[in-house]
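Read the structure below first, then the notes.
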Amino acid sequence: MRHTEGTVELRLTAAQVAVPVVLGIALATGLLQLGLRWTADPMTAAELRDCAYAAGAGVVGALVLPRLRGARLTPECLVAFTAFGQRERRIPWANVSGIDVHRTAGVRRVSVCLVTGECLTLAAPMSFLDRRFDARVAELTGWWETHRP
């Protein structure tokens, strides 16, 4: 969470981006190694090392590339970021009918319900590796309650 003049940004942390990437790469490498052990052509130590280097490059890439951002709170609107932060959607507070928290696979996420009936799930805040998730949701809800007409 980052505060600037009159706005608050709710973003994913580096750990929230890197940990799933690391776990996915480790699982894929392990499954590859296991599969190759059952064939006549098992992976050599040098090939395994090359996989580890590629995995490291993937993690660095995930951290260097722009992270998904969940939202920016302004007095006028909620700005939801999509497509790796390249596109933004401005939602006036008057168009927000509710804010809900839902759980999927043990991870709590925030959905913003609009007066049109549409629900938009934000990339952040997300409870995975975020001890301040409840405080972030409370801040988001507080902004909505304060700035809606």
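The values are calculated or read from the model by the stated rules, or taken from the named source; none is laboratory data. Given the structure is predicted, the values throughout are model-derived calculations rather than measurements. Neighbour counts run over all protein chains shown; Cβ positions are idealised from the backbone, glycine included.
Within region 96-107, residues that are more than 10 Å from THR121 (Cβ to Cβ) sit with their Cβ atoms under 6 Å from residues that are in a loop (DSSP other than H, G, I, E, B), at 6+ positions apart or across chains, in these pairs: SER97/VAL115; VAL107/SER127; VAL107/PHE128. Count, please, the residues in region 104-149 that happen to be over 14 Å from the mean Cα position of the chain (by Cα), of a type outside the set (Ser, Thr, Tyr) and farther than 19 Å from VAL8 by Cβ. Adding up the residues that qualify gives 9.
Screening the candidates ALA52, ALA57 for the property of being within 24 Å of the chain's Cα centre (by Cα) and at pLDDT below 90 yields one hit, ALA57.
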